[in-house]
Every structure is written in C-alpha cells, then in structure tokens.
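Here's the structure, in structure tokens; my notes come after.
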Amino acid sequence: MQDIAIAGAGLSGAVIARELAKAGYRVTVFESRNHVAGNCHTQRDSETGVMVHVYGPHIFHTDDREVWDYVNSFERFLPYQNRVKTTSQGRVYSLPINLLTINQFFGKTLRPDEAKDFIASRADTSITEPVTFEDQALRFVGPELYEAFFKGYTQKQWGCSPTELPASILKRLPVRFNYDDNYFFHAYQGMPEKGYTAMIERIFDHENISIKLSTPFERSWKQHYAHVFYSGPLDAYFGHEFGRLGYRTLDFERFTYEGDYQGCAVMNYGDLDVPYTRITEHKHFSPWEKHEGSVCYREFSRACGADDIPYYPIRLVKEKEQLAAYEEHARRETGVTFVGRLGTYRYLDMDVTIREALDQARAFLATNQRKSA
C-alpha cells in the first residue's frame, strides 16, 4: 500500500483523497487551518442557529450530471437559486440585468424585442474590438447601465480602474431580455442541506484517510510519499522565488439582526461612495430553515497580503509573467501534481474543481495501473 500526501483539505483534496483511498492507497491530508472544507467551510452560528458560510457564500451550480450525483451521494442538496439584487443611487434593482432591470432603470415598459433595440441604441458601436472591461461594458450595455451596475462595483472588487482590466471579465455577465433573474443557467443548482463542511467530512470518512489539521505541508516532506497532490498556493510551494502572485482578498464585517435585514441573500452595492461591495444575509442561503435572528456580512475587497486568505487571482500582465515562471518550475517538479484554484492560480467554480479532481485522481490511478502491469 503506497502512501500519498495531499496538501489542503478543501474540495480538491477531499475528492482526490477519497478516490485514492477507495483504490487502496494510504492518504495523509495536511491542512493549515483548524478545520476541513477550505473556503467552503460552513458552521452553525451559536447565537442565531443560522448556517453561516464562514468565508463568504458558495452556491453550487453545474451542468455536469456526474458531479451533481457525486456531491449528492455525500450530502442531500436542496433547491436554491441565486437571485441577486443591487442598490444603485438609492434604488434597488434585479441582477443580472434583465427586462425588469432595464424597464425599472429607464422608466420604460419595453417588450423583449423593443428592449434589445433600445439597449443596442445606447451601446457605443464605435468600439469594434473591446480590449478593456470598460470597452466591453460600453459596447455591451452603454454608459448608463455601465455606470450604475458595473463601474463602481468593479473598481471596488479589483482595486483598479475598469480601464486596466481585460474585456474577458465582463463576458461572464449576461444581459437577459426577459424577466428571468436566476443568476445561473445551469441545470443543477442547490445548497447542501447540512452545509459544505458536513459534506466534505463525509467525503474524508474512509479508513485509509488521515487528516492533520493546523499542519501546513512542508515541501521537504515530499520524499516520504509516493506522490503529493498540492492544492496550496503555487508560489508558496516554491518559496515565492519569483515573487508573490497577486490576489484579492476579502474582509467580512459580521453583524446580526433580529428579523429579516434585506429580504434576499445577496445585495450588491454599485456606488463608489459605499465602501463595501455587497451584503450577504446567510439565512437566505438555506430557505428551507426558519430563523428569527439573522447573520449578515458586509464584504470588503482589497489587495491580498502575506498573511491574508487569497480569494481571486488577479492574472493581469505582471501576474501572468510570474505564473509562466512558476508553471515551468511545476512542470519540472517530479512526484507532485498541482491542483485546485490555488495550485493552478485560476478562479474555479466548485463543480469544475470537483470535475478536475476526479479526472486527476483517475489519471493517476490509470498511470500507476499501467506501470504495475
């Protein structure tokens, strides 16, 4: 029985550990925090009983039926649709931009075809090849909707002008010419009934898996294992040899409220004079539960420091140059597979993280099977 080390007890580490343990490997998981589940960690608030997404909300959505069946085999997922609202200039609107948003904002009663033509008339058609986020927004929705819903929010989220960000960031944000305000298009959407941490604890529940909490993985330990799956920060593994890769981090200002604070799970704030990007009200992420009290987070985005939790990879020019150097080092590193959002320096949705972890575990098992044949 071969020994495998996994750095990180989040989704990537849990799925890979389970697949390898089932195949007969002994797996040791090293986790720097004092709990499993990484940034998906959920826990009951002792004061209100609300299930809190400790590191900010995580909403599961996918078109991958195998991944959906996989998570449901460890925890029952109940229906949940993300219906985001935004406050701009003292008024509340529905996101993503849809027919209600357009009619509300412009004081119209447009039908879908009329709204398409109207938005097309506001768009800046002189921008034929959008390069920046601002170019794309102006070409896509015109100056009024850009100013109200994207400009301030984006500047707060990324800490720079939208003219410094690539157009590709905005391509993920849809505009709908109907009244559908479900944020995601995916066939399967939901939330784990008892939280993500309960689900991940069940994934780890195998006799061949041992977990060492509050124990960051040390690169020198690699020699003691047949293989290492590393889901920590790529630059940290190599001792930040080429400098720190850039991330945005989040600060949460937690507060409680007796009753219903905002009537929805997520309220964005697009105005620059509001310092936070959004307020999340956590009891609305579990709509099947009833709680009188409420737990809310005001969310502030800023540059990630050495001791902060990295959330969003920046991936602008400087970071891409550093990343190329780290990726070259990673290709040369034997006996280690870099996985997950930190190990690959990419923003990954949860379903993609699980899909990649399943594929990586299966590829490893298939390769080892061929070697032993």
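I'd like the full set of residues that are part of a strand (DSSP E or B) and within 25 Å of the chain's Cα centre (by Cα), limited to the range 6-30.
Start the filter on the range 6-30 by keeping residues that are part of a strand (DSSP E or B), which leaves 6-7, 26-30.
If the condition is that a residue be part of a strand (DSSP E or B) and within 25 Å of the chain's Cα centre (by Cα), then ILE6, ALA7, VAL29, PHE30 are the ones that fit.
Here is a list: HIS206, HIS186. Which entry is within 17 Å of the chain's Cα centre (by Cα), within 24 Å of VAL67 (Cα to Cα), outside any strand (DSSP E or B) and modelled with pLDDT of 95 or more? Explain how you work it out, then say what you get.
On the way: HIS206 fails: within 17 Å of the chain's Cα centre (by Cα).
The conditions single out HIS186.
Assuming GLY152 fulfils every condition listed in (1) loosely packed, with under 13 Cβ neighbours inside 10 Å; (2) touching a residue at least 60 places away in the same chain (Cβ under 8 Å) apart from one, which condition is it?
Exception for GLY152: condition (1).
Are there any pairs, at least 6 apart or on different chains, whose C-beta atoms fall under 6 Å, with the first in the range 198-225 and in contact (Cβ under 8 Å) with a residue 24 or more places away in the chain and among the polar types (S, T, N, Q) and the second part of a helix (DSSP H, G or I) and surrounded by 15 or more Cβ atoms within 10 Å (Cβ to Cβ), and if so, which?
ASN208/ALA21
Taking the range 178-229, which residues are aromatic (Phe, Trp, Tyr) and surrounded by 13 or more Cβ atoms within 10 Å (Cβ to Cβ)?
Let us first name the residues in the range 178-229 that are aromatic (Phe, Trp, Tyr), namely 179, 183-185, 188, 196, 204, 217, 221, 225, 229.
Across the range 178-229, the qualifying residues are TYR183, PHE184, TYR188, TYR196, PHE204, PHE217, TRP221, TYR225, PHE229.
The values are calculated or read from the model by the stated rules, or taken from the named source; none is laboratory data. All values reported here derive from a predicted model rather than from experimental measurement. Virtual Cβ from ideal backbone geometry, glycine too; neighbours counted across all protein chains shown.
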